[in-house]
Amino acid sequence: MGAGREDGNPLRVLDMVRGQMVCRTLEGVVEAYRRVTGGEAEGGCPEFVAVRTKNRFRLATEVSGGYRDLLVNVEYEGHV
């Protein structure tokens, strides 16, 4: 592990369970993000709380092969 991290501390794990959505358009990405993070008023899941987002669309020129994605960590029932 890198400097500044708490080596071996399982409480630091943020992605024990993963899922993915594949969107064919940028509008689809925006809609998926809104549904995951927007809460019930936005047509999303009120049980999810977004705790971290990595927007790798901005970094497309720095990522190998131009691959782009949006990563979202959500909290659900006290777990991230």
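Flag: G44 does not match the condition of being farther than 23 Å from Y67 by Cα, surrounded by 13 or more Cβ atoms within 10 Å (Cβ to Cβ) and out of contact with any helix residue (DSSP H, G or I) (no Cβ under 9 Å at 6 or more places or on another chain).
Within segment 16-39, the residues that satisfy the criterion of being within 18 Å of N73 (Cα to Cα) and either touching a Pro at 6+ places or on another chain (Cβ under 7 Å) or among the β-branched types (V, I, T) (or both) are V17, V22, V29, V30, V36, T37, G39. For segment 60-80, a residue qualifies if it is assigned to a strand (DSSP E or B), at pLDDT 80 or above and not hydroxyl-bearing (S, T, Y), and the qualifying residues are L70, L71, V72, N73, V74, E75. Of all residues in segment 69-80, those that are farther than 9 Å from R52 by Cβ have Cβ atoms under 8 Å from Cβ atoms of residues that are loosely packed, with under 14 Cβ neighbours inside 10 Å and of a type in the set (F, W, Y), 6 or more apart or on another chain, in D69/F57; L70/F57.
The values are calculated or read from the model by the stated rules, or taken from the named source; none is laboratory data. Please read these numbers as outputs of a predicted model, since none were measured by experiment. Don't worry about glycine lacking a Cβ; one is built from the backbone with ideal geometry, like all the others, and counts go over all protein chains shown.
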